[in-house]
Amino acid sequence: MKTLETLSFDNTYAALPETFRQRVSPTVVPSPYLIAFNADAAKLIDLDPEEAKRPEFAEYFAGNKLLPGSDPVAMKYAGHQFGHYVPQLGDGRAILLGEVRNSIGGKWDLHLKGGGQTAFSRMGDGRAVLRSSIREYLCGEAMHALNVPTTRALCLVGTDMEVYREHQETGALVTRMAPSHVRFGSFEVFAHRGQTDEVKTLADYVIGLYFPHLVAAEKPYLAFYREVISRTAELMAHWQAIGFAHGVMNTDNMSILGLTLDYGPFGFMEDFDPGFICNHSDDTGRYAFDQQPRIGYWNLACLGYALMSLIDADDARAAIETYAPAFNAKMNSLMMAKIGLQTSCDGDLKLWQDLIDLLAVAKTDYTNYFRILGNFDSSPDARNDGIRQRLKLAPMADEWFNRYSARLREESRTDADRREAMNQVNPRYVLRNYLAQVAIEKAERKDFGEIERLMSVLKHPFDDQPEMAHYANPAPAWARGLHVSCSS
C-alpha cells in the first residue's frame, strides 16, 4: 500500500503539447477539513486508507499542497451545450492533479473539482459548492454499485470559504477518479478550428492508452469511433433501465470511455414519467429522460464530425448506424432481466414495453415497483393483489399480468430462483434527490454523519438492509417540489 507521498504518478496527459492543456496549480483554500473518504476508491490507486487520518490529507485534496509526482493541468475542450456549439470550455473549476498507476497497471486520474480559477474559467470563480460536491461524491459511488459505468469519488473536502451561486454558500472540493477524463468535446475543440494534427495526436494518445487492442486494426480511428459508439449505446441503456436522468448531456459531458461523467442536475425517477426533466434549467426538455437515447446518438454524430479528418465519411455514417441496434440489444437484455426472464421468446419485447407504458399511466414509483415485481407468484390461481393494485389500472393491467404469469410459467426456474435473480438487478435503494438533500442540509450544519450513512446504504443497493428500509421510501410531500439546476 502507498502513502500520499509515494503514489506512482504517470502523467501522460500533462506530457501532451501545451495546446491540449494549461499547467496550473490549485488555488489555496482556508482551513480545509476532510468530510468524507472512500476507502474502496483508494484501493484503486493502492492508497493505504490510514492515510486519510493524516492532517496532510485534507491539505493535499484541497489543492493547498501538491502531491509529490503530480503535475496539475486544466484540460482544454469545447462542446455543444443544449445543442449550441461553444468554441472553448475546458476545466473551468476542475484540475487534473495527476494520473496514478496502480500495482496491476491500471491508470487513474485524480481530478479535483472546485480547485480554483484556470484559463478556462470564463469569468467564473473556479469553485464548487458543498451541495453539488456532496451530490457528485454520493452518486458516482451509487452508480458504480448499480453496475453502471461511471467516474468514482475518492474524497470530499470542506472549507469555510464562501462561494456565491444563487446565494452565498459553503465551498467544498471533491476528488473524482476515472481512467480518463477525455470527452467528445476534447476532439471538437480542435476539429472546429481546423487543427487536424491535434485531432490526430489526441486520437493516437487515446487509442494507445485506452484502446490498445485497436492499434493494429486496419482502420484504427474508425474502430475507435465504433467502440465509443458501442460503449455510449450501452451506457444509455443502463441509464434508461435504472431510471436515471443525467440532466446535462452536452458533448463536453460525454466520456470517450462510455462513463457517466459530470454529476450536476441528475435525478433518479420516482413516479414514472417518460418525459421527466430533472434539470430545472432545461426549459425545452432537451435532456428529458426519454430523450437520452436520441441525444446519445446526436452527440456521437458530433464526435464523428470531429473525427472526419481521420475517418472516411461513408465509414462514419455506417458506424453510427450501429448505435440503435447496440442500444436496443442492451436495453432489451437489461429489461428482460428486470422482469425475470432468462430465455427469449416472441413477444418479450412487447411485454416489458407494455409494462413501461402501464407504469407511465399509473405514475408508479419506478425503482420500488420493479423490486416488488420480484415477489410475483406465477401460479395460475395466484391473485398478486398487492402488485396489481400498485398500477391502479385494473382493466388495463389485468391483461398484462395474465400474459406475464403465463410467460413466467414457460421459464424453467422456480419463482424463488427468479425472485433472487430479479433482486440482483432491481435495486432496493437509489440516490433519490430528497435523500441527497437531507444529507446536504445536515452537512451545512456541520453534521456529516448522514453522508456516510447514505453512502453505506448506496454501496449495497440490491441488499434488503432492513434497518435502513426507510431509505427506500419515495419522496415525502416536502420534497416533491425539489429542483436541481446546472448550478447543482
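The numbers here are math on the coordinates, done by the rules we state, and not lab data. What you are looking at is a predicted structure, and each value in this text was computed from that prediction instead of being measured. Cβ coordinates were reconstructed from backbone atoms using ideal geometry, including for glycine residues, and neighbour counts include every protein chain displayed.
Annotations for the structure displayed:
- Within straight-line reach of K200, meaning a Cα separation under 19 Å, sit the following lysines at least 8 residues removed in sequence or on another chain: K76, K219.
- Whether region 4-179 is rounded, prolate or oblate, judged on the alpha carbon gyration tensor where a/c under 1.5 counts as rounded: rounded
- Cβ-defined net charge surrounding S309, 12 Å radius [Lys, Arg +1; Asp, Glu -1]: -1
- 20 Å reach of a label modelled at S8, 7 Å along Cα-to-Cβ, counting backbone N of region 37-55: 40-51
- Helix 196-210 vs. the chain, principal-axis angle (Cα, 0 to 90°, nearest 10): 60
- Net lengthening on full extension, E56/R294 (0.36 nm per residue, minus Cα-Cα): 81.1 nm
- Only lysines eight or more places from K107 in sequence, or on another chain, were considered; those with a Cα closer than 19 Å are K2, K43.
- Percent RCO, i.e. relative contact order, over region 339-422, from Cα pairs under 8 Å lying at least 6 residues apart: 44
- Extension gain, K43 to D385: 0.36 nm times the residue separation minus the Cα-Cα distance gives 118.5 nm.
- Dipole in debye (nearest 20) - region 4-179, about Cα centre, beta carbon charges: Lys, Arg +1; Asp, Glu -1: 460
- For region 387-433 versus region 1-44, the spacing of their alpha-carbon centroids is 45 Å.
- Region 319-384: trypsin sites (Lys or Arg not before Pro) in DSSP coil with no more than 13 other Cβ atoms inside 10 Å: K363, R383
- A dipole drawn for region 339-422 from +1 and -1 charges on Cβ atoms has a positive end, and of S379, G340, L393 the residue lying farthest that way is L393.
- Put simply, when 430-443, 464-477 are sorted by average Cβ atoms within 10 angstrom per residue, most first, you get 430-443, 464-477.
- Added length on full extension, which subtracts the Cα-Cα distance from 0.36 nm per residue, R193 to M1: 64.6 nm
- The chain: relative contact order as a whole-number percent, Cα under 8 Å and 6+ apart: 14
- With respect to the chain, whose longest principal axis is taken over its alpha-carbon atoms, helix 130-145 is tilted by about 60°.
- For K43, net neighbour charge (Lys/Arg +1, Asp/Glu -1) across residues whose Cβ lies under 11 Å away: -1
- Candidate lysines for bridging to K363, where Cα separation is under 24 Å - those fewer than 8 sequence places away on the same chain excluded: K338, K350, K392
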